[in-house]
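Worksheet: one structure, shown below.
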Amino acid sequence: MDLDISVSGLDEIAEALGATLEQVLPAAAIGAGKAAQAVAKDARKLAPVDTGELREKIRATDPEIKGDTVEATVVAGAEHSVYVEYGTGIRGAESELPAGMPPATYRPDWAGQRAQPYMYPAFRQNRQKAQQIIADEIRKAVGK
């Protein structure tokens, strides 16, 4: 499960600050990386713990510059991470099985796992902080 932090329109920001895109892009990448680290840190705090695997596999990737856009990603690498974030619904419902696999045995009254969101809340609580981190890095780079 991935959560992307993307900063676009950097050419317009550079122009507004009287800077070049070459000055702004690396600074925005540094800021996006710091923002992704903050989101990952809070996602680890918010993630429920059973074995600890989910928390251990939440990490921020290095930011990437793609044209005039910068992206950083927070990854929850445990196989079950998406099921924890969104829940599973009723066990067996809407599951497409590989060809030849016998259908799972389940009772319709078996409840699935309830959602225990940790990624989206971490992003939401860091949204303004992330914007500020990125803006501060850009200002620092262009001397404003």
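The values are calculated or read from the model by the stated rules, or taken from the named source; none is laboratory data. Quick caveat: nothing in here was measured; it's all calculated off a predicted structure. Positions of Cβ are generated from backbone atoms using ideal geometry, with glycine treated the same way; all protein chains shown enter the neighbour counts. For the accessible areas, the whole protein counts, side chains as well, though only heavy atoms, and no ligand, DNA or RNA atoms are used. Shrake-Rupley method; radii C 1.70, N 1.55, O 1.52, S 1.80 Å.
Here are a few things to note about the model shown:
- Gained length - residue 120 relative to residue 17, 0.36 nm times residue gap less alpha-carbon distance: 33.9 nm
- Sequence-distant lysines (8 or more away, or on other chains) whose Cα lies within less than 21 Å of residue 66: 34
- Computed over neighbours whose Cβ is under 12 Å from that of residue 61, the net charge equals -4, Lys and Arg +1, Asp and Glu -1.
- Listed residues 120, 86 arranged by accessible area, highest first, probe 1.4 Å: 86, 120
- Remark: spin-label model distance residue 136-residue 69 equals 2.7 nm, labels positioned 7 Å along the Cα→Cβ axis.
- Counting only heavy atoms of the protein chains and using a 1.4 Å probe, residue 46 has close to 70 Å² of accessible surface.
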